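S.K.: Below you will find the structure I want to go over with you.
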Amino acid sequence: MQEFNLELMIKELEVLMGDKLRIGSDQFFAVLNIESNMLTVLMTKLRDEYGFNHLANLSSVDYGEEFELVYHLYSIPDNKKLLVKTRVPRTSAELDSLITIWPTADWQEREVYDLMGIKFKAHPNLIRVLLPEDFEGHPLRKDFVMGGRS
Amino acid sequence: MLESDIYTVNVGPIHPSTHGGLHAEAIMDGEIIENVIVHLGYVHRSVEKIAEGKTYQQYVPYTARLDYLATNLPVLGYCQAVEKLLGIEVPERAQYIRVIMAELSRIASHQIAISATGIDLGATTGLMYGMRDRERIMNIFEMTGGQRLLSSYIRIGGVAADIPDGFIPAVMSLVQDIPGMMDEYNGLMTGNEIWAARMQGVGILTPETAIQYGVTGPNLRASGIAYDLRRAEPDGIYHRFEFDIPTRNGGDSLDRWQVRIDEIGESGRIIEQALEGMPNGEISTRVPKVLKPEPGKEVYHRIESAKGELGYYIVSDGSSKPYRLHVRAPSFINLMVLPVICRGGVFQDLITNIATLDPILGESDR
Amino acid sequence: MEPLFINLAEAFTGWMISLGLDPGWAEAVLLVVKWIIVVTIITVNIIILIWLERKVSAFFQERLGPNRLGPFGIFQTIADAIKLLTKEDIVPSAADKLIFKTAPMFFIVVAVMLYTVIPMGKGMQVINLNVGLLFFISVGSLSTIALLMAGWGSNNKWSLMGAVRSVAQMVSYAIPLAFSLLGVVMITGSLNLQDIVLAQDKWWFVILQPIAFITYFIAATAELNRGPFDMPEAEQELTGGAYTEYTGMRWALFFLAEYTNLVAVSALMATVFLGGWQGPWLPSWLWIIIKTYAIILVFFWVKWTFPRIRMDHLMSFSWKVLVPVSLGNILLTGAGIYFCRWMGWC
C-alpha cells in the first residue's frame with residue numbers, strides 16, 4: 001500500500017462520488033458530508049482501501065428538520081482520522097446500518113435508535129439498549145418533553 | 001445419546017460479579033455457554049440529556065460519575081474537550097498536576113480491576129491487596145480535592161486549587177512502593193497454578209476481532225496491538241514523558257490481567273517524571289464565568305482512560321450550554337465483545353471474562 | 001488431668017445407680033448426656049472457629065477483622081448468631097417446601113453424627129465402633145444428599161447448579177478420600193479408630209503414609225466444600241449456590257454444619273495420620289484438640305490464599321490425578337507390608 005495522503009484520498013472520492021459528497025473541514029477534522037443512501041458504499045471504501053479500521057464514535061445530533069449522523073473514523077495503529085457526516089430528514093429518519101462493515105456499530109446504532117429515534121435498515125437487532133423496552137419517545141430529540149419534576 | 005435442553009441463566013443485574021448493574025443473559029447447554037445477551041441500562045442516568053441543560057462548568061461533576069473508579073480521567077477528558085472547543089490554554093503547572101492525578105486515577109482503576117478479578121475468581125485475599133494500596137491513592141485525592149471517590153478537582157482551564165503541602169512526599173512514597181505492589185500481586189496470583197488454569201486461554205480476543213469491535217485500552221493491548229492514545233494522540237503534555245506501552249500477545253484473560261499490572265508500573269514512571277518536571281506558576285487560566293463557544297463549532301476529543309478510548313463529542317450552538325454532548329464510553333464498546341469471547345467456554349469463564357474486560361457500568365450505561 | 005472426663009462419667013453413672021437406677025438405664029442416660037455434651041462442644045467450638053477464621057483471614061489480608069464486640073471481637077459471632085436467629089425465615093413460594101425445610105436439618109444431623117466415632121481422648125468416644133472409619137466415610141458422604149435436597153428444593157437455577165456441581169464433586173472426591181485411608185487400614189488391619197490411634201504409638205502414619213496424607217488433605221478440602229474447591233457455594237459465580245435461597249437460621253444451619261464437618265474431618269485426619277490423642281506430657285484430650293486446630297489452620301490458610309478452581313479442572317484433577325495416585329499408594333503399601341514381613345520386621 002502506498003503512502004497515505006488525505007488530500008489525494010479526498011480527490012479520488014470526489015471523482016467517485018460526484019455530487020453525493022461534499023467536502024468540508026473544521027479545526028480538527030477533514031469532514032466528508034455524504035448523502036445517506038451512499039453511506040455504506042463510502043464507508044466500505046474507506047475501510048477497505050484507505051485503512052480506516054476503527055469506527056471510534058457513532059453519534060447523532062438533532063437539527064430540527066434533519067438529524068445529522070456523525071462517524072469519527074480512525075485507523076489503528078497509524079492514527080489517521082476522518083469525520084464522516086450524513087443527514088436524514090426527521091420525517092423519515094432511516095438509513096443503512098454499518099454493522100456489516102464494523103461490528104462495533106451494533107450497540108452504537110442501537111443507542112442512536114434508542115435515544116434519537118433513527119432507524120437503521122438491515123440492523124439485525126434494533127432494540128433499545130439503554131432505556132427500558134416500554135419507554136415512550138426518544139429523549140435526545142429536542143422536542144422531547146422532560147417529565148418528572150415539572 | 002442423552003439430550004439436553006438449552007436454558008438461560010440471568011447473571012445480574014443483581015449478582016456479586018457483575019461490577020454494578022450489568023445483566024448478562026447466559027444461554028447455556030449444560031455448563032457450556034452458547035451465547036450471552038448483554039442487557040444494559042440499569043444505571044442509565046441520561047447524562048447526555050442532562051448536559052443540554054447545564055452550563056459547561058456545571059457539567060464537570062457529572063463527568064466524574066461516569067467512571068467513578070478512575071474519577072479524574074473522565075473529568076480530564078471533558079475539560080480538555082471544552083478547552084479545545086474554546087481554545088483555552090492551560091498553564092504548565094496545571095498540566096503536570098493533571099497528569100499526576102490522571103495517572104493516579106489509572107493506577108486506582110487498575111488496582112480495582114486486578115483485585116476485583118481476584119475476588120471474582122474466589123481469591124478473596126487478592127481483593128484486599130489491591131484495596132489496601134488503592135486506599136493511599138484515595139487519601140491523596142482527599143488531600144487535593146477534599147473528596148475521595150468523586151473528586152472534580154480538574155476544572156476547565158486548570159485545576160481547582162494548588163496542591164497542598166505533603167502532596168509531593170505522599171505521591172513520591174506511593175510511586176516508590178509501586179514495584180513492590182506489583183510483585184505482591186504477581187506473587188499472590190499470577191504465579192498460582194489455579195489462577196493460570198482459570199485464565200490462560202480463556203476468552204481469547206484476537207487482534208482482528210478487537211479492532212472490528214472497537215475494543216480499546218488494556219483489552220486491545222492484551223491482544224498484541226500497542227495502541228495507546230497517550231502515545232498515538234498525546235493530549236496535554238504526555239509527549240514529554242518516557243514510558244512503554246505494555247502489550248501481550250495471547251489476548252486471553254491472563255494477558256488482559258497482566259497488561260493492567262504492567263500499566264501500573266508505567267503510570268508510576270510517568271508520575272515520577274511529572275513530579276520532577278513540575279514547574280511553579282499558575283494553576284489555572286482565567287476562564288470567564290459564562291463560556292460561550294462559537295456557534296456551530298464541534299469537537300471530538302478522546303483520551304486514553306483506564307478502560308480505553310474515552311471520547312467526548314460536543315456540539316455548540318453559541319449558548320452557554322452544549323447543544324449536544326455525546327460520550328464515547330470505552331466500557332460500553334468493550335462490553336460488546338463479551339458474547340464473542342464467551343461462546344464455547346464454560347460458565348465460570350463468563351465471570352472471568354467480565355472481570356478481565358473490566359467494564360464500569362456508570363460509563364457504559366451513562 | 002488425664003482421666004478427668006472418664007472419672008466424671010463414672011462418677012455420674014455411679015451416682016445414678018446409687019439413686020436406684022438400673023445399670024443398663026444408667027448407661028443409656030449417660031449416652032444421652034454424652035450426646036448433649038458433644039453437641040454443646042460443637043456449638044461452642046464453632047463460635048470460636050468462626051471468630052478464628054475471621055481473625056486469621058484478616059491477618060492474611062492485612063485487615064483487623066472483628067474488633068468491636070468484646071476483647072478482640074470474640075463476641076462478634078454470638079451477635080451474629082443472635083441476628084440470624086431473629087431474622088425472618090423466608091421460604092420461597094415456588095420451593096418444594098418439605099425438601100427445602102428438611103435439607104439444612106439433614107445436613108447438620110449428618111455433620112454431628114460424624115462425632116460419634118472420633119476418639120477424643122484415651123477411652124473417650126461416644127461409641128467405640130469396630131468399623132468406625134467406615135462409618136465416618138459413609139455417613140460423611142451423606143451430606144451430598146442434603147446439598148442436593150437444598151438445591152432441588154429451592155427451585156432456583158443457581159441453587160440447582162450449585163447442587164449438581166457439589167454432587168459431582170463430592171462423589172468424585174469421596175473415592176480418593178476413601179482410598180487414601182485404605183493404606184492406613186492395611187497397616188493396622190482394623191477399621192476401629194481407637195486401634196488406629198494405638199497403632200501409632202511409635203510412628204505416626206503421616207510418616208508411613210505421606211502420599212496418602214496429602215491426597216486425603218486435598219480430597220477432604222473438596223469434601224468439605226472449602227476453598228479452592230467451594231463449588232457448591234461459589235458466591236461470585238453462583239451467588240451462593242445451593243444456599244442461595246436460605247435465610248436466617250436455616251442458612252446458619254448450613255454454615256454451622258460446614259464448620260462442624262471441618263472440625264470432624266480435621267479430627268479424623270489427626271486421628272488417622274497424626275497419632276490422634278497420643279502425645280507426651282499433656283492429657284490426651286488436649287492433644288487431639290491441638291492437632292485438630294493445627295489442621296484447621298492449614299485449611300484456613302489454603303482457603304484464603306487460593307482462587308477457586310474451575311469445575312472441569314476440578315473433576316479431571318480428581319479422576320486423572322488423585323484416584324491414580326491414591327491407588328498407587330495402596331499398591332505401594334501392600335508391597336511394603338509384604339517386604340516388611342519378608343524381612344521379618346513385623
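The values are calculated or read from the model by the stated rules, or taken from the named source; none is laboratory data. Keep in mind it's a predicted model, so treat the numbers as computed, not measured. Cβ: placed from backbone, ideal geometry, glycine included. Neighbour counts: every protein chain shown.
S.K.: Can you tell me which condition residue B:14 does not meet? The list is (1) within 14 Å of another protein chain (Cβ to nearest Cβ); (2) buried (at least 18 other Cβ atoms within 10 Å of the Cβ), and all the others hold.
M.R.: (2)
S.K.: State whether the residues of the range C:329-341 include one that is buried (at least 21 other Cβ atoms within 10 Å of the Cβ) and either under 15 Å from the mean Cα position of the chain (by Cα) or within 14 Å of another protein chain (Cβ to nearest Cβ) (or both).
M.R.: No, the range C:329-341 contains no residue that is buried (at least 21 other Cβ atoms within 10 Å of the Cβ) and either under 15 Å from the mean Cα position of the chain (by Cα) or within 14 Å of another protein chain (Cβ to nearest Cβ) (or both).
S.K.: I'd like to verify a number: residues in the range C:292-327 that are of a type in the set (Gly, Ala, Ser) and either free of Cβ contacts under 8 Å to residues at least 60 places away in the same chain or not assigned by TED's automatic domain parsing to the domain that holds residue C:278 (or both), how many?
M.R.: 2
S.K.: Mind listing just one residue for me: the one in the range A:46-67 that is more than 7 Å from chain B (Cβ to nearest Cβ) and crowded, with 18+ Cβ neighbours inside 10 Å and, of those, farthest from residue A:113 (Cα to Cα)?
M.R.: For the range A:46-67, the residue satisfying everything is A:50.
S.K.: For the range B:218-234, what are the residues that are among the aliphatic types (A, V, I, L, M) and either outside any loop (DSSP other than H, G, I, E, B) or at the interface with another protein chain (Cβ under 10 Å from one of its Cβ atoms) (or both)? Walk me through it before giving the result.
M.R.: Initial filter on the range B:218-234 (among the aliphatic types (A, V, I, L, M)): B:220, B:222, B:225-226, B:229, B:232.
Within the range B:218-234, B:220, B:225, B:226, B:229, B:232 meet the criteria.
S.K.: Another question, if that's okay. Condition first: out of contact with any Phe, Trp or Tyr (no Cβ under 8 Å at 6 or more places or on another chain), closer than 20 Å to residue A:47 by Cβ and part of a helix (DSSP H, G or I). Now tell me which residues in the range B:194-217 satisfy that.
M.R.: Within the range B:194-217, B:207, B:208, B:209, B:210, B:211 qualify.
S.K.: Is one or more of the residues making up the range B:106-115 in a helix (DSSP H, G or I), within 14 Å of chain C (Cβ to nearest Cβ) and under 25 Å from residue B:246 (Cα atoms)? Give the steps one after another, and end with the answer.
M.R.: Of the range B:106-115, the ones in a helix (DSSP H, G or I) are B:106-115.
Checking which are within 14 Å of chain C (Cβ to nearest Cβ) leaves us with B:114-115.
Narrowing the set further to residues that are under 25 Å from residue B:246 (Cα atoms) leaves B:114-115.
Yes, some residue in the range B:106-115 is in a helix (DSSP H, G or I), within 14 Å of chain C (Cβ to nearest Cβ) and under 25 Å from residue B:246 (Cα atoms).
S.K.: Moving on to the next point. State all residues of the range C:137-146 that are over 14 Å from the mean Cα position of the chain (by Cα) and surrounded by fewer than 24 Cβ atoms within 10 Å (Cβ to Cβ); if no residue qualifies, say none.
M.R.: Step one: list which residues in the range C:137-146 are over 14 Å from the mean Cα position of the chain (by Cα), which gives C:145-146.
If the condition is that a residue be over 14 Å from the mean Cα position of the chain (by Cα) and surrounded by fewer than 24 Cβ atoms within 10 Å (Cβ to Cβ), then C:145 is the only one that fits.
S.K.: Does the range B:271-282 contain at least one residue that is assigned to a loop (DSSP other than H, G, I, E, B), buried (at least 21 other Cβ atoms within 10 Å of the Cβ) and within 21 Å of the chain's Cα centre (by Cα)?
M.R.: no
S.K.: Search the range C:280-303 for residues being touching a Lys or Arg at 6+ places or on another chain (Cβ under 9 Å) and within 23 Å of residue C:191 (Cβ to Cβ), and hand back the single one that is surrounded by the most Cβ atoms within 10 Å (Cβ to Cβ).
M.R.: C:284
S.K.: Sort out which residues of the range B:315-354 are more than 9 Å from every other protein chain (Cβ to nearest Cβ), among the aliphatic types (A, V, I, L, M), surrounded by 24 or more Cβ atoms within 10 Å (Cβ to Cβ) and part of a helix (DSSP H, G or I), and write them in order of number.
M.R.: Across the range B:315-354, the qualifying residues are B:341, B:354.
S.K.: If you don't mind, another one. Can you say whether residue B:327 is closer than 30 Å to residue B:294 by Cα and of a type in the set (Val, Ile, Thr), as far as the supplied structure shows?
M.R.: Yes.
S.K.: Something else: Every residue in the range B:57-66 that is away from chain A (no Cβ under 14 Å) and touching a strand residue (DSSP E or B) at 6+ places or on another chain (Cβ under 7 Å), please.
M.R.: Hit for the range B:57-66 is B:60, nothing else.
S.K.: Go through (1) away from chain B (no Cβ under 14 Å); (2) within 30 Å of residue B:349 (Cβ to Cβ); (3) among the basic types (Lys, Arg) and name the single condition residue C:308 misses.
M.R.: (1)
S.K.: Looking only at the range B:129-146, count how many residues are in contact (Cβ under 8 Å) with a residue 12 or more places away in the chain and within 20 Å of the chain's Cα centre (by Cα).
M.R.: Total meeting the criteria: 12.
S.K.: Select from the range A:116-132 the residues that are more than 9 Å from chain B (Cβ to nearest Cβ) and either outside any loop (DSSP other than H, G, I, E, B) or free of Cβ contacts under 8 Å to residues at least 12 places away in the same chain (or both) and list them in ascending order.
M.R.: Listed by number, the residues that qualify are A:116, A:119, A:120, A:121.
S.K.: Taking the range B:116-141 as the search range and keeping residues that are surrounded by fewer than 24 Cβ atoms within 10 Å (Cβ to Cβ) and aliphatic (A, V, I, L, M), which one is farthest from the other protein chains (Cβ to nearest Cβ)?
M.R.: Applying the filter and picking the extreme gives B:140.
S.K.: Would you be able to say whether some residue in the range B:32-47 is within 11 Å of another protein chain (Cβ to nearest Cβ), touching a residue at least 40 places away in the same chain (Cβ under 8 Å) and buried (at least 24 other Cβ atoms within 10 Å of the Cβ)?
M.R.: yes
S.K.: Do you know which residues across the range B:301-314 are at the interface with chain A (Cβ under 10 Å from one of its Cβ atoms) and either over 21 Å from residue B:233 (Cα atoms) or buried (at least 23 other Cβ atoms within 10 Å of the Cβ) (or both)?
M.R.: Hits for the range B:301-314 are B:302, B:309, B:311, B:312, B:313.
S.K.: Additional query: Among the residues of the range B:172-180, is there at least one that is surrounded by fewer than 20 Cβ atoms within 10 Å (Cβ to Cβ), without any contact (Cβ under 8 Å) to a residue 24 or more places away in the chain, more than 13 Å from chain C (Cβ to nearest Cβ) and over 28 Å from residue B:355 (Cβ atoms)?
M.R.: For the range B:172-180, residues surrounded by fewer than 20 Cβ atoms within 10 Å (Cβ to Cβ), without any contact (Cβ under 8 Å) to a residue 24 or more places away in the chain, more than 13 Å from chain C (Cβ to nearest Cβ) and over 28 Å from residue B:355 (Cβ atoms): present.
S.K.: Restricting attention to the range C:60-83, and to residues there that are within 23 Å of residue C:248 (Cβ to Cβ) and over 26 Å from the mean Cα position of the chain (by Cα), which single residue is nearest to the other protein chains (Cβ to nearest Cβ)?
M.R.: Only one residue fits best here, namely C:68.
S.K.: Do we find a residue being more than 17 Å from the chain's Cα centre (by Cα) and buried (at least 22 other Cβ atoms within 10 Å of the Cβ) anywhere in the range B:212-232?
M.R.: yes
S.K.: Could you give me the residue pairs with C-beta distances under 6 Å whose first residue belongs to the range B:337-366 and is in contact (Cβ under 8 Å) with a residue 40 or more places away in the chain, whose second residue is acidic (Asp, Glu) and buried (at least 24 other Cβ atoms within 10 Å of the Cβ) wherever it lies, and which are 6+ apart or on separate chains?
M.R.: Sorted first by the residue in the range B:337-366, then by its partner, the pairs are B:348/C:237; B:351/B:120; B:351/C:237; B:355/B:120; B:360/B:67; B:363/B:67.
S.K.: Do we find that residue B:285 is within 12 Å of another protein chain (Cβ to nearest Cβ), over 22 Å from residue A:26 (Cα atoms) and hydroxyl-bearing (Ser, Thr, Tyr) in this structure?
M.R.: Details: within 12 Å of another protein chain (Cβ to nearest Cβ): no; over 22 Å from residue A:26 (Cα atoms): yes; hydroxyl-bearing (Ser, Thr, Tyr): yes.
For residue B:285, the condition - within 12 Å of another protein chain (Cβ to nearest Cβ), over 22 Å from residue A:26 (Cα atoms) and hydroxyl-bearing (Ser, Thr, Tyr) - is not met.
S.K.: Quick one: in the range A:68-100, which of the residues that are outside any strand (DSSP E or B) and within 12 Å of the chain's Cα centre (by Cα) is surrounded by the most Cβ atoms within 10 Å (Cβ to Cβ)?
M.R.: A:98
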